[in-house]
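**Q** Got a structure for you, written out below as structure tokens; questions coming shortly.
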Amino acid sequence: MRIALATDAWRPQTNGVVTTLTRTLEGVEREGHVALTVQPSEFRTVPCPTYPEIRLAVFPGPRLKRMLHEFGPDAVHIATEGPLGQAARRWCLTEGMPFTTSYHTQFPQYIRARFPIPERWSYAFLRRFHGAARRVMVATEHIRRDLERNGFRNLATWTRGVDLELFRPGDREFLPGVRPILLYAGRVAVEKNLEAFLGLELPGTKYVIGGGPALEELRAHFPAVVFTGYKYGEELARHLASADVFVFPSRTDTFGLVLLEAMACGVPVAAYPVVGPIDVVHQGVSGYLHEDLATAVRGALEIDREACRRHALGFTWERATAQFLDNLAPRARA
């Protein structure tokens, strides 16, 4: 099968969406399928407002149309709702091509964190965007329920995996600092609610791995926190494995892939009992969820690290890729 993927999120961005798409395409090609990725570097781009690290394609329609016509896809998947996703959607509707979409980001909540825009307006746009898709792929049951309450239909499950060879228990003494070491990794942006973590009055050392538009402001406000910048691959895995607790203060993630990466390293998670963590973390086994984040951290410190690793073993990219392929809507050939 020839599969076209249209996405506004792609390398060099570092986030769970890009990791998910990259690992899924690797699995798709291992299964013998041919994939085309329509992504921003193929087009002229401008910085995304409030998030200049993200580049958005400008008037991508004509080139995208040529790319898809030349490729001749059997199936089209639209991963994001940005300019490339919208252009791919228009092409599919014009050509009578069935397509699928996925819901990776809680845009109503993300946008509301930056601008005074009612969430119902954002949901109305998203319902229209995804409404023509044969299937809308979601990562968790709670996201499915939330979208159903907001009028979405044709929802299908597409879970996530973790690289169990890369993310594994390692040297506990790798990171310096007074124990316990409390660590966050991910985007450093307003929607991640990092102040809720960094402002906790708890013993130990706090680490933040990653970058983003809020980095310099947080660095200035929390001078005792160790901000490492971006880490990748083996170096990221070594940082995670050395932590005592992985703290995830976000209330807006649809999954939180880094939660699996931490648990695969044997590190328990402390988080709020909200969409994302509530579907990924096994309460009292691989992490602790509580509306008081300090209570969650203290609970996580009591958790067996081997149990965290065992829980993560149930999430594989092979299973996730199989779900993705089953959810596609191939065009019937004459």
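The values are calculated or read from the model by the stated rules, or taken from the named source; none is laboratory data. This one's a predicted model, so the numbers in the text were calculated from it and none came from an experiment. Every residue, glycine among them, receives a Cβ derived from its backbone with ideal geometry; neighbour counts consider all protein chains shown. Protein only, heavy atoms only, side chains kept; ligands, DNA and RNA dropped before computing areas. Shrake-Rupley method; radii C 1.70, N 1.55, O 1.52, S 1.80 Å.
**Q** Give me the one-decimal nm value for the distance between modelled label points at Phe174 and Glu42, 7 Å along each residue's Cα-to-Cβ direction.
**A** 3.6
**Q** Of the peptides 75-87, 92-104, 199-211, how do they stack up when ordered by the mean number of other Cβ atoms within 10 Å, highest first?
**A** The packing order, highest mean first, is 75-87, 92-104, 199-211.
**Q** Per 0.36 nm of contour for each residue apart, how much would the distance between Lys231 and Arg310 grow if the chain were fully extended, relative to their Cα-Cα spacing?
**A** Residue separation times 0.36 nm, minus the Cα-Cα distance, leaves 26.0 nm.
**Q** Then there is this: Per residue of the chain, what 222 nm ellipticity follows from adding -39500 (n - 2.57) for every DSSP H run with n ≥ 4, rounded to the nearest 500?
**A** -11000 deg cm²/dmol
**Q** Just the accessible area per residue of the range 1-130, please: how many Å² with a 1.4 Å probe?
**A** 46
**Q** Membrane-span-like helices in the chain: DSSP H runs reaching 20 Å or more (Cα, own axis), mean Kyte hydropathy at least -0.5?
**A** Membrane-span-like by this criterion, though nothing is claimed about a membrane: 16-30.
**Q** Please work out the FRET efficiency for the pair Glu29 and Arg128, using the Cβ-Cβ distance as r and a Förster radius of 35 Å; give the result to the nearest 0.05.
**A** It comes to 0.60.
**Q** Still on this structure, please answer the following. For His130, His311, give the ranking by accessible area with the largest first, probe 1.4 Å.
**A** His311, His130
**Q** Hey, can you rank 64-70, 287-293, 217-223, 185-191 by average C-beta count inside 10 Å, highest first?
**A** Highest mean packing first, the order is 185-191, 287-293, 64-70, 217-223.
**Q** Using a 1.4 Å probe over the heavy atoms of the protein chains, calculate the carbon and sulfur portion of the accessible area of the chain as a whole percent.
**A** The value for the chain is 53 percent carbon and sulfur by accessible area.
**Q** Send over the Kirkwood Rh of the range 189-309, from the inverse of the averaged 1/r over different Cα pairs, rounded to one decimal Å.
**A** Result for the range 189-309 stands at 14.3 Å.
**Q** Continuing with this model, one more query. Below 8 Å between Cα atoms, with a sequence gap of 6+, how large is the relative contact order for the range 29-75 in percent?
**A** 28
**Q** In addition: Give the accessible surface of the range 179-224 per residue, rounded to a whole number of Å², with probe radius 1.4 Å and ligands, DNA and RNA excluded.
**A** 41
**Q** Among the lysines, which fall within straight-line cross-link reach of Lys192, defined as a Cα-Cα distance under 17 Å, with same-chain neighbours fewer than 8 residues apart omitted?
**A** By straight Cα distance, Lys192 reaches Lys206.
**Q** Determine the distance separating the Cα centre of the range 205-229 from the Cα centre of the range 1-72; give it in Å without decimals.
**A** 30
**Q** For Arg331, Arg44, give the ranking by accessible area with the largest first, probe 1.4 Å.
**A** Final ranking, largest accessible area leading: Arg44, Arg331.
**Q** At 0.36 nm per residue, minus the direct Cα-Cα distance, what do Ala294 and Ile278 gain on full extension? Give it in nm, one decimal, please.
**A** Additional length available on full extension: 4.1 nm.
**Q** What percent does the relative contact order of the chain come to when contacts are Cα pairs within less than 8 Å and at least six residues apart?
**A** Taking the mean separation of contacting Cα pairs over the length of the chain, I get 17 percent.
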